[in-house]
Amino acid sequence: MTPSREPASQAGQRIVDYDSGFDYCAFWGNRDYEQWVEARTLRRLLPRLGRARWFADFGGGYGRNGMHYPAVAEHVILVDYSVTQLTWAAERLATGINSGRVHLIRADLGQLPLIDSAVDAAMVVRVLHHMTDVERCLREMARTVSGRWLIDVPIKHHVLARLRGARSGSLQKLRGAEPVVTGSSDYPFYTFQLAAIRNCLGRAGFGSRVAASVNNFRRWDQSLPRGLVSGLRPLVYSMELATQRLGRSWWGPSQFLIATRAQPQTPELRQAPETTPPQLLELARRTCCPKCRSDLNWSEVEARCLACGRHYPRRDGFWDFALGEGTSPSEAATTPSDG
Ligand SMILES: C[S@@+](CC[C@H](N)C(=O)[O-])C[C@H]1O[C@@H](n2cnc3c(N)ncnc32)[C@H](O)[C@@H]1O
């Protein structure tokens, strides 16, 4: 896959390309273990955020985790940059969208069209490894959450990385706050020091605790014969559940944090003009121009900034708040090396 050119995003963020040459649905085809682990983890942890009136799934992709929405929130905003993922999400989540409970928004997670504390709770799953500027994106997402959120952190110092580092004599890079970058320069893949991410959250006004170590035996089922996988499955699945607790902060490659705002905030909802379509009223009150943060005027077909005049059109089932003027989504991004 060839990379395309520099990103559309305004503030220098490179955005990974889920639009060309990478089929994220197919990626999940033979990953029963990871699917099982994540579904179970989300069922266990999301209720700890408390039931939300408004909830955001940041980098929600094609809505893979949409089955959890009804249990956690009345209204959900799925934010993603990829047109392809959003188009699939529009099909997959059609019932929720048609009933006005689910809204799809195309935007950079580093420049969101949401007001401060727009949502009560949120999650970000399998996304941070794409963040070229993780601090900026965490700060921006945090700005829009009034209460708690669940954050899946890909760590650099998990057990397997330590074993590999010991074998290759490269343990040094697993220490310290700098992320480790793998993949190529065109498709970088970041892993982080957990403490560094927690410090970022602290600077954004959130305390955090490690809720689970997840995917502790990642890809164990990919290299063994099928018969053996079936036989070992009950054992590995129970070991996964045990290490979710015992391995917090150090074992698995994905560490799930629950971050809680130190000072709970109430959103200052915007005044939506009288002409706002009724089904968009509540969304309109929670959104703003991602460029200048001014109020928006919503119609059935677009949202328009009342200050800078930018237009954000409705496309196939989603609202397009991407700021890469003059570029197509795939021109605006780089391509993923892993999901
Ligand atoms: C591995 S997928 C995860 C999707 C979903 N959370 C899941 O667990 O299946 C990563 C998603 O993050 C999105 N993404 C990456 N960087 C982004 C950014 N800066 N702004 C918005 N979306 C982004 C990609 O388009 C992609 O859909």
Cβ pairs under 7 Å, 6+ apart or interchain, first in region 48-66 and closer than 18 Å to Gln85 by Cβ, second of a type in the set (S, T, N, Q), ordered by first then second residue, are Ala56/Thr144; Asp57/Asn65; Gly61/Gln85; Tyr62/Gln85
Within region 290-309, can one find any residue that is in a helix (DSSP H, G or I) and either under 25 Å from the mean Cα position of the chain (by Cα) or under 21 Å from Ile97 (Cα atoms) (or both)?
-> no
Out of region 136-177, which residues are part of a loop (DSSP other than H, G, I, E, B), touching a residue at least 24 places away in the same chain (Cβ under 8 Å) and more than 16 Å from the ligand (Cβ to nearest atom)?
-> Lys156, His157, His158
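For (1) of a type in the set (D, E, K, R); (2) touching a Leu at 6+ places or on another chain (Cβ under 6 Å); (3) more than 23 Å from Glu38 (Cα to Cα), each residue gets a yes or a no:
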position: Ser146; (1), (2), (3): no, no, yes
position: Asp152; (1), (2), (3): yes, no, no
position: His157; (1), (2), (3): no, yes, no
position: Ala166; (1), (2), (3): no, no, yes
position: Leu171; (1), (2), (3): no, no, yes
position: Gly176; (1), (2), (3): no, no, yes
position: Asp186; (1), (2), (3): yes, no, yes
Residues of region 178-219 being among the small types (Gly, Ala, Ser) and either assigned to a helix (DSSP H, G or I) or modelled with pLDDT of 95 or more (or both), in sequence order, are Ala195, Ala196, Gly202, Ala204, Gly205, Gly207, Ser208, Ala211, Ala212, Ser213
State whether the residues of region 154-176 include one that is crowded, with 22+ Cβ neighbours inside 10 Å and closer than 20 Å to Phe55 by Cβ.
-> no
Within region 125-135, is there a residue that is within 15 Å of the ligand (Cβ to nearest atom), free of Cβ contacts under 8 Å to residues at least 40 places away in the same chain and within 20 Å of the chain's Cα centre (by Cα)?
-> no
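The values are calculated or read from the model by the stated rules, or taken from the named source; none is laboratory data. From a predicted model like this one, the values you see are computed outputs, not experimental measurements. Cβ coordinates were reconstructed from backbone atoms using ideal geometry, including for glycine residues, and neighbour counts include every protein chain displayed.
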